[in-house]
Structures are given as C-alpha cells and as structure tokens.
1. Residues that are over 21 Å from the mean Cα position of the chain (by Cα): find the helices (runs of 4 or more DSSP H) completely inside region 23-134 holding 2 or more of those.
2. For region 424-441, which positions are surrounded by fewer than 22 Cβ atoms within 10 Å (Cβ to Cβ) and assigned to a loop (DSSP other than H, G, I, E, B)?
3. Does residue 29 satisfy the criteria of being modelled with pLDDT under 90 and in contact with a Gly (Cβ under 6 Å, 6 or more places away or on another chain)?
4. Is one or more of the residues making up region 217-231 at pLDDT below 60, within 30 Å of residue 13 (Cα to Cα) and not assigned by TED's automatic domain parsing to the domain that holds residue 384?
5. Among the residues of region 64-108, which ones are more than 21 Å from residue 283 (Cβ to Cβ) and not charged (D, E, K, R)?
6. Against the definition (within 19 Å of the chain's Cα centre (by Cα) and either assigned by TED's automatic domain parsing to the domain that holds residue 567 or touching a residue at least 60 places away in the same chain (Cβ under 8 Å) (or both)), how does residue 385 come out, yes or no?
7. When residue 28 is evaluated against the numbered criteria (1) closer than 29 Å to residue 150 by Cα; (2) surrounded by 24 or more Cβ atoms within 10 Å (Cβ to Cβ), which criterion, by number, is the only one it fails?
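The values are calculated or read from the model by the stated rules, or taken from the named source; none is laboratory data. From a predicted model like this one, the values you see are computed outputs, not experimental measurements. Backbone-built Cβ (ideal geometry, glycine too); neighbour counts: all protein chains shown.
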Amino acid sequence: MSILDRIHYPSDLKQLPSTDLPEVARALRDEILVQVGKTGGHLGASLGAVELTLALHYVFEAPRDQIVWDVGHQAYGHKIITGRRERFSTLRQRHGISGFPKRDESEYDTFGVAHASTAISAALGMAVARDLNHEDYKVVAVVGDGALTGGMAFEALNNAGVQKKDLIVVLNDNRMSISHNVGALHRYLTQITSGKVYNHLQADVWELLGHLPRGAGRARRIARKIKESIKTLVVPGVIFEELGFRYFGPVDGHNVEFLVQTFQHIKDLNGPILVHAITQKGKGYPFTENDPFCAHGVTRYDKVPGDIPAKKGAPSYTGVYGKTILEMAKGDERIVAITAAMPDNTGLTEFARVLPERMFDVGIAEQHGVTFAAGLAARGMIPMVTIYSTFLQRAYDQIIHDVAIQNLPVRFVLDRGGIVGEDGPTHHGAFDLSYLRLIPNVVIMAPKDENELRHMLKTMVDYDQGPIALRFPRGEGAGVALDAQLAPIPIGKAEVLGEGRDVVFVAIGAMVRPAVAAAEILRGRGIDAGVVNARFVKPLDTEVLDRVAAGDAFVFTVEDNALAGGFGSAVNEHWVARGYDAGSLKNLGLPDRFIEHGDRDGLMAELALDAAGLVKSALEVVGASRGNVRSIAS
C-alpha cells in the first residue's frame, strides 16, 4: 500500500508528521512517472517540483490560501494531492483532466495558466482584491526561473514592490525553462546560488536586528549598513531586494522538511517575500535528470523508466524547417534565426550548433524578439522569427507597431498552427490566420506538405517587400519526397489540384490533405469533387477564385483556424465584392469557442474537419441520395 493511498486532499497531508514527507515525495514521483508513461505530458518540471508542492500544501491552507502556478508544467503533483489522483490517468485525454491548472477543474486551481510569466501579476491582483475586500488569506506565486526572462514577470515584480502587499513568490530555479535559460538574469541567478556566505551572514544580521531594542537607532542603522555592505561585496547585485522584495535563499528545493520550516517561518511576514529554491528538472530518475530536454514534454512510453520510444514515420514539419533554414543560411550570411526560449522545439538546435553567432534565443520574451528582429531587418538582415503560433500572440502590438507600419521584411515562422492536441486551448494555434490577416502589408501562407514548406521558406527569404508569415502544423509531414532544388512560389498564387463540377474544396495548409482524401471518396461515389491548394491567405489568388465561382460547383473553404476573420472570411469578402452567389459558398473551420484538449485526430473528427467530416458536409449539399454517409465515412 502506497502512502499516497492515505492522501486525497491537502488536509490528509497535514495529518502526517513532516518526517514522513520524503516518503510521500518518492511515492508521488513514482505516480507521476507511471501515469505520464500512459498519457504523455510535461514530465521533467513536475518531477522537479515535488518537494515544493508538498511543502506548500503542508504549510498553507489551500484552497483558502491561493497558490498560483506559473505555466503549470510543474503542477502534476499538485493535481494528484488535490483530489484528482483517481482521474490522473485521464491527463490530457479527451474529457479528462487538463495538463495545466484550470479554474473550472478544481477549486485548488486558483488561476488558469499555460503561457509563462503570468503568475506574479495574477497573484498580485488576488492580494489586492483580498485587501480591498478586508479578507485574510495568503497568496503564493510559484514561478520558474525561465518565466523570469519574460518582461511581464518583471513588470509584476516592479509593481508588487511598490504596492507592498503581502505576497509570496517562490522562485523554482532549475536553470531551465524548456531549453537552457539564457541572458543576464540567468547568469545573475547562477551567481546568487554560489553566494552561500552572503546568506549565512544575512541571517546573522537579521537576527541581530531582531534582538536590538527599538530605541537603539544608531546600532540598527549600523547593522543595516553592514547588511548592505555584505550584499555589495558578496552578491553581484540585489535585484529582488531593490525591487522591494525581502529575499530568502537560495534553499535546497528537494529538502522537503527544510522547505516546510522555511515556509512556516515566512508565511506570516508582511510585505512582498521571494523564496529562491534550487531544484533539478526531472529529479528522481536518471533518464529524466540526464536528459531534461527529452523529459520536458514526452509522449507515451513503457513502464520501464527511460524507455521512451523513438518517433517513426515521416519527418516532422519542425524538423524539415530546421534543416532547410540551416541549409539556406549556410549560403546566405544575412539569415539569422530568432526563438523565444525554444530552440529545441522549434527545430533550431542544429542551427545553433553550426551557426551560433547567427542564432538568437531571446528567452521567454516574444515582444522583445519581434522588435529585435525589426531592428535586424532595418539594417538588411533576414530575421527568421520562429515562434509557436499561440506564443506569437504575446507580441501582437510589436508586429503592428514595429514591423508592419514600417513595412520591414521580418519573416515570421509560426510552428504549431492549428489544433495541436493534448495541450488544449492555451496551445492550439487557432487564431493566427485571423490576427495576422487584418494587419496591412503582411503576406500569409501555409504549406500543404513538408516539400511545399521548403519552397515557401525560399519564398520568404527572397521576399523583401515587407513582413511575411508562414504557419505549419505540429507533427509529421505527409511523407512526400523533398526536392533538392528550392524555388520561390509566386506571391498569392494558388495550386489547382483537381477540377470539380459538383464540389470544390478550397483548402489552406494542413487542411489540403483531408480535402484531397475527401474528394477521392466523393469521386468514388459519383460526385465530381475538386481541390484547390490556396497556399496564400493574403493575398488571395482571385483569378483562381473567380474561375471556381464561375462554375456550377458548390465551394467549401477549409481551414484549421477560427472561422471569424480567417481564410474563409477573406474568401467571403472577395465573393461579396464580386457579387457572386453567397448560397454557393460555405466556410468550414474552427467554431467560435475554445477547443478543449484531446488527441488531435479525435478533435479534428469531432470538428468534422477530417476527411469523413468534409465528405459529410459535401453530401449535405449535393444530396445524401448520391451516396451513403456512413459507408463513405468508414
């Protein structure tokens, strides 16, 4: 019997002596390892935060006390001990529990998160609300060191230091976000962790100040000057205390009993507090400790630790992008790559190894990354801004103000466009076609397969008339042959893959393949169906659209983007402007709601955006008498 069998909620945890917590930590790690092996998920961060999770729930009174997890990668242990152990096997599965904290899933999930650097802002808002409502509870933000590379975190620290509310920030410093952390702050934190002399001396000075009588003003002033001198001599900068936080640390983030003592000591102190805990990503198992990149986000693996299956099949879009851009950069010294703390997951690891002087990881700072790219473009460089679709949303003003208004040729490469699957609504690239399309000067394209991706990259590099964006989906390509020679695609030119007298699918990007499959099924049932690979969302190929509209076929636009403002909306606008029959056009895409997590193929089927769903939509128009829906869909 596992000790976890006695723990259903934090109240059960509090019944144990603190000396039992190391045993709980071991059991919790085993539970996470086994269950994530069945579902996949963010393994390393949660293994590294086990002791922090237990100590926080042991000392604080959640859910009355508000614990806010930044990003949420590290919150699996939190979910298990807050009433969700029995459902943990459904992690990231359709209708199961989310891979991130989610307010409507549990009262213990005080704030929904999945993007970095938000927790301190949210926690400060909760602390202010508490005081305005004359309530009495604690607010704790658990923030990774990677999140502190995001400007929003520093905006929140700055404001919290001014407001001086009772707020505790726990810095979970594992020296990594998804990839190795970068920048001056990372170096600063590393230097702090070696400043043990300072921390011992600081504790002595605080103790001295506590014992001095209140009337001993001169002695207190001297002691404070000594403390400031210690900071100057031993620690290279005291950024957190200068921002108004009382700093405690660094402490061993895996010594759960000491963490409990630390939190008990500081929980009733007034004002902003920062506890700096040093942890190891993937703590507890050799394969996760030694390969934290692999263990950050894993697919299903066998029960034997470390037996993560190798990926098979066609190369991923991300991998093809990385190889192609490196190939091109070797022949053009103007090409530079920019990523926001994710060189590994955006295919740029080899680029960084081969051309380190032209690879720029700006940290979790998408806003800075975009404007940094604008500066590069202004001086003749070719910046490839490589960021997940959902993360580029964070730099929207910079795209408009710093790039598009000046018509600078910044190249935006949006990985994870469309439905991404198990990470859910915070990570689906559901809005990029819409949010980019409305910006003047921006060209937008999406490839039907990995070979077309390569040619579109050539198109981007050659295009110097303004900003241009390319989006592609998560996962494997179509497995097509890759052309050795790259050729630019004429801007705004679509590709007609097949004429159709009854139905025509005008599809963009990843939706071309299911459209082609649907057309084949329909033709097998006597329905003449054609497909147009639009390739460009902006500008549209109006010549091809006019030709399609002139025929008798019913036209479907197909996209894995929000229907509102997306590719279909662009076609609608052209349709109306030309005076074509609106009754002969229908848009298929993502509905006006947030799409929950689940297997990507299953989600696309639910959304009727797989081949069977497109067939069904066509039959509803052409007439079910032309074919049987069930037999076709099967």
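1. The qualifying helices (runs of 4 or more DSSP H) are 50-59, 119-132.
2. Passing the criteria: 424, 425, 426, 431, 438, 439, 440, 441.
3. Considered against the rule, which asks whether it is modelled with pLDDT under 90 and in contact with a Gly (Cβ under 6 Å, 6 or more places away or on another chain), residue 29 comes out as no.
4. No; the residues of region 217-231 include none that is at pLDDT below 60, within 30 Å of residue 13 (Cα to Cα) and not assigned by TED's automatic domain parsing to the domain that holds residue 384.
5. Residues satisfying the conditions are 66, 68, 83, 89, 90, 93, 95, 96, 97, 98, 106, 108.
6. Here the answer is no, as residue 385 does not meet what is asked.
7. Against the list (1) closer than 29 Å to residue 150 by Cα; (2) surrounded by 24 or more Cβ atoms within 10 Å (Cβ to Cβ), residue 28 comes up short only on (1).
Each row is one residue, and each column tells you yes or no for (1) crowded, with 18+ Cβ neighbours inside 10 Å; (2) among the polar types (S, T, N, Q); (3) within 30 Å of residue 440 (Cβ to Cβ); (4) touching a helix residue (DSSP H, G or I) at 6+ places or on another chain (Cβ under 9 Å).
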{"position": "557", "(1), (2), (3), (4)": "yes, yes, yes, yes"}
{"position": "560", "(1), (2), (3), (4)": "yes, no, yes, yes"}
{"position": "569", "(1), (2), (3), (4)": "yes, yes, yes, yes"}
{"position": "597", "(1), (2), (3), (4)": "yes, no, no, yes"}
{"position": "606", "(1), (2), (3), (4)": "no, no, no, yes"}
{"position": "623", "(1), (2), (3), (4)": "no, no, no, no"}
